[in-house]
1. Do you know which residues across the stretch 35-51 are modelled with pLDDT under 95, part of a helix (DSSP H, G or I) and of a type in the set (A, V, I, L, M, F, W, C)?
2. So in the stretch 29-66, with the set limited to residues that are in contact with a helix residue (DSSP H, G or I) (Cβ under 9 Å, 6 or more places away or on another chain) and among the basic types (Lys, Arg), which one is farthest from Leu3 (Cα to Cα)?
3. From the list Ile64, Ile8, Ile26, which one is outside the structural domain of Ser114 (by TED's automatic domain parsing), more than 18 Å from the chain's Cα centre (by Cα) and of a type in the set (Val, Ile, Thr)?
4. Among the candidates Ala14, Ala32, Ala112, which residue alone is among the aliphatic types (A, V, I, L, M), farther than 25 Å from Ile124 by Cβ and either under 15 Å from the mean Cα position of the chain (by Cα) or not in a helix (DSSP H, G or I) (or both)?
5. Using beta carbons and a limit of 7 Å, which pairs, at least six apart or on different chains, have the first residue in the stretch 104-119 and within 12 Å of Ser144 (Cα to Cα) and the second one surrounded by fewer than 10 Cβ atoms within 10 Å (Cβ to Cβ)?
6. Just the residues that are surrounded by 14 or more Cβ atoms within 10 Å (Cβ to Cβ) and either among the small types (Gly, Ala, Ser) or outside any helix (DSSP H, G or I) (or both), please, taken from the stretch 58-71.
Amino acid sequence: MSLKNLIIEDMKDAMRAGDKLRLGAIRMALAAIKQKEVDERITLDDEAVLSVLEKMLKQRRESITQFRDAGREDLAKREEAEAEILMAYMPEPLAEAELEAIVKAAISETGAESMRDMGKVMAIVKAQAQGRADMSAVSARVKSLLGS
């Protein structure tokens, strides 16, 4: 079963159970997936669906920070709950050691020596870690390894 179909089935289950928070989060995810399909006139595969979900998770993380800074803990908690629901569809996150190994392998594969080569390294790392690691954290790790 494709990831998109799994999300649709989970939406039906949430409707039957009357779980409004879960239903709302899943509907938002499906709307974002559908919007991307309509905009690009394609049917998204699992990798593209993961990309959409990753973008939504990033938006949730940013919103949580902004709501906490503004003293709106109620809204931050709602965003956290939605993020948790979306995380259920993401693959198992990479362990620190695995991520470190992927980054070092990409650096040696590209022959990267300085920050100018960061784009080449990130292209390889992103292909292997998409949906399994926070890319901003990966970027920081690549910068630290290339800078030293």
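1. Those that are modelled with pLDDT under 95, part of a helix (DSSP H, G or I) and of a type in the set (A, V, I, L, M, F, W, C): Ala48, Val49, Leu50.
2. The extreme case among them is Arg61.
3. Ile8
4. Every option except Ala32 fails the conditions.
5. The qualifying pairs are Met115/Gly147.
6. Once the filter is applied, which keeps residues that are surrounded by 14 or more Cβ atoms within 10 Å (Cβ to Cβ) and either among the small types (Gly, Ala, Ser) or outside any helix (DSSP H, G or I) (or both), the stretch 58-71 yields only Ser63.
Rundown of residues vs (1) at pLDDT 85 or above; (2) in contact with a Ser or Thr (Cβ under 7 Å, 6 or more places away or on another chain); (3) loosely packed, with under 12 Cβ neighbours inside 10 Å, yes/no style:
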| residue | (1), (2), (3) |
| --- | --- |
| Glu82 | yes, no, no |
| Ala97 | yes, no, yes |
| Val103 | yes, no, no |
| Ala106 | yes, no, no |
| Val121 | yes, yes, no |
| Gln128 | yes, no, no |
| Met135 | no, no, no |
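The values are calculated or read from the model by the stated rules, or taken from the named source; none is laboratory data. The model shown is predicted, which means the values in this text are computed figures rather than measured ones. Every residue, glycine among them, receives a Cβ derived from its backbone with ideal geometry; neighbour counts consider all protein chains shown.
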